[in-house]
1. Considering only 148, 201, 84, whose Cα is most displaced toward the positive end of the charge dipole of the chain, charges sitting on Cβ of Lys, Arg (+1) and Asp, Glu (-1)?
2. Out of the trypsin sites (Lys or Arg not before Pro) in region 168-266, which ones are loop residues according to DSSP with at most 14 other C-beta atoms within 10 Å?
3. Report the gain in length on full extension from residue 34 to residue 91: 0.36 nm times residue separation, minus Cα-Cα distance, nm rounded to one decimal.
4. What FRET efficiency comes out for residue 194 versus residue 139 if R0 is 30 angstrom and r is the Cβ-Cβ distance? Round to the nearest 0.05.
5. Using Cα-Cα distances under 8 Å and only pairs 6 or more residues apart, what relative contact order does region 141-182 have, in percent?
6. Pop out the ³J(HN,Hα) list for region 244-249 in order, Karplus 6.51 cos²θ - 1.76 cosθ + 1.60 with θ = phi - 60°, rounded to Hz; leave Gly and Pro as x.
7. Which of the GluC sites (Glu not before Pro) found in region 72-154 are in a DSSP loop and have at most 15 neighbouring Cβ atoms, other than their own, within 10 Å?
8. Rounded to the nearest 20 Debye, what is the dipole magnitude of the chain about its Cα centre when Lys and Arg each give +1 and Asp and Glu each give -1 at the C-beta?
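FYI, it's all coordinate maths here, none of it is from the lab. Note that the structure is predicted; figures quoted are calculated from it, not measured. A quick note on method: Cβ atoms are made from the backbone with ideal geometry, for glycine too, and the neighbour counts reach across all protein chains shown.
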Amino acid sequence: MRTFRALLLAAAVAGAAIAPAAAQGATILDRQLVPTRVAAYDDVVMWSHLDPATGQYRLVKSENGGAPSDVRVAERDRPFDIDPGASRSCRAFAVFTRDGDVYRLDVASEAETRVAALGSATDRDPTTQGGRIAFLRATGGRDELRLATPDGSRVLVSKPAIVSAELGTRHIAYVEGSDGIGYGEQLVHIRNLQTGRDRVVYRAQSGGMNLARVTKPSYSARIDSYTWARTNSGSGQGNRLVRYQIPGALFLTGQGSPGWTSAAWAGYRLGAVTTSDSCTDDDGSSCEVALTGPVRFTRGIS
């Protein structure tokens, strides 16, 4: 794994970066029969729930750890590629695609608006922050990471495989899939939106029978950081939450789980929201959407 020299932060910032206690037990928000995907920004958590009556997915939200509620948007035949963030005025908004078009959702009012300047049959996985929107588009056998402009969009990055992306205030993080030993590797990039400086800050490298993966990074404006889950299937080692703080290029890690297939950071009190593709428990079959509660982070990549 490629590492970079980390600068020490001021004591106040470093102290705020480490939660005071380990999780006291997960809070289960939802159980369902099939895998789903989760997303979060601050205290807003969103995910998709399969409706057995229709065979379609409903969009669901929980705010401040409260009871889940259905979002008043049309169901779809696969999990929503939802991503919550904030407007320029810090109002909570989210973005998702429907039939190749990008939609913007006011989280409070649940009013949705189609972004007219965007739209392609292969557009997917939009992300929003500070009123901006970025998304992925498949074209010519490659994946393009695009940033929306007033009259369309422009290409930020073109790669053979881009797994996911997350906008921040001044940067964008994206996960690149790459060939490597065994099952290959996934690389987390941080790109400066103003300068275009793009660097790999983290590698999840598979080897032999071990499958290493990272979940979609999630952004926190409060500490200008990205958090993702690193999983290892096979070795049972190296499962962790990874946080990369932009100021000081500082890494922090917390306890993870090999079963997580989707994860996002929901704040210090709620911790991470997670789900897995292992839908079995003592009561039959269910995939859980759960909040970890406070997570203890330690400095460095252990």
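1. 201
2. 170, 197, 222
3. Here the segment from residue 34 to residue 91 would lengthen by 17.3 nm.
4. 0.75
5. 30
6. 10, 8, 4, x, x, 6
7. Counting only loop positions with at most 15 other Cβ atoms within 10 Å, the GluC sites (Glu not before Pro) in region 72-154 are 110.
8. With Lys and Arg at +1 and Asp and Glu at -1, about 1280 debye.
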